[in-house]
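Notes for the one structure printed next.
The values are calculated or read from the model by the stated rules, or taken from the named source; none is laboratory data. Quantities reported herein were computed from a predicted structural model and do not represent experimental measurements. Using ideal geometry, Cβ is built from the backbone for each residue, glycine included, and neighbour counts are taken over all protein chains shown.
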Amino acid sequence: MNIKSVQFITQEEKNDLLNVIDNFFSEEFRIKRKVARITASADDDYCNRITLNADLFNVGLGQVYVRCGYLNDACEAKREIAIARIYFAKQKNGHGTALLSKLCKVAQKYNYEIISFECPNNNCRAFATRFGFSKCCVISPKNLAVSLEAYENNKNLYLH
């Protein structure tokens, strides 16, 4: 990775990423307290990757683990948001779509090149395919935004 091309994660970006996860749990599950925390590279002012964690498994809601930044040390590493774990006790209620939408917006704001799922199982692959992710469960934020908009438009057609 060329050090001159590395874009460090600013404190503002860290706060926005934390707020995305907190706002998601607040809106989807009416959780009022802050639940997201950075579990890796939190205190490094010049970090190029972080891991976010929100674990509400013990109260029956779910878990979200997201990695952000340059996640691959290869020369061609791209700025990425990788969903390492996504689990909701109640599935097929729109929680995954809502989270993807929020992550897509922050990815566009901070110039992430890809959004991916790490080690997806069959259910995750089916979910990702619905939104245009590749076989490797990777998509650009721009393409995901288009897919999410089309999904919402089609959903609204069936509701009216």
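Residue pairs whose Cβ atoms lie under 7 Å apart, sitting 6 or more positions apart in sequence or on different chains, and linking a residue in region 112-136 that is over 18 Å from Asn93 (Cα atoms) to a partner that is among the hydroxyl-bearing types (Ser, Thr, Tyr), are Glu113/Ser140; Ile114/Ser140; Gly132/Ser147.
Of all the residues in region 95-111, those that are within 16 Å of Leu61 (Cα to Cα) and in contact (Cβ under 8 Å) with a residue 40 or more places away in the chain number 4. In region 106-132, of all residues being in contact with a strand residue (DSSP E or B) (Cβ under 7 Å, 6 or more places away or on another chain) and in a helix (DSSP H, G or I), the one that is farthest from Gly96 (Cα to Cα) corresponds to Ala107. Residues being closer than 21 Å to Glu12 by Cβ, among the small types (Gly, Ala, Ser) and modelled with pLDDT of 95 or more are entirely absent from region 37-60.
Scanning region 72-104 for residues that are assigned to a loop (DSSP other than H, G, I, E, B) and either among the basic types (Lys, Arg) or surrounded by 21 or more Cβ atoms within 10 Å (Cβ to Cβ) (or both) turns up Lys78, Lys90, Lys92. Can you find, within region 84-112, the residue that is modelled with the lowest pLDDT among those that are more than 14 Å from Arg67 (Cβ to Cβ) and of a type in the set (D, E, K, R)? The qualifying residue modelled with the lowest pLDDT is Lys90. List every residue pair whose Cβ atoms sit under 6 Å apart, with the two residues 6 or more apart in sequence or on different chains, where the first one lies in region 8-33 and is closer than 14 Å to Tyr112 by Cβ and the second, anywhere, is modelled with pLDDT under 90 and surrounded by fewer than 16 Cβ atoms within 10 Å (Cβ to Cβ). From residues that are closer than 14 Å to Tyr112 by Cβ, the pairs are Phe8/Tyr46. Taking Ser116 as the residue in question, decide whether it is surrounded by fewer than 20 Cβ atoms within 10 Å (Cβ to Cβ) and modelled with pLDDT of 90 or more. Here the answer is no, as Ser116 does not meet what is asked.
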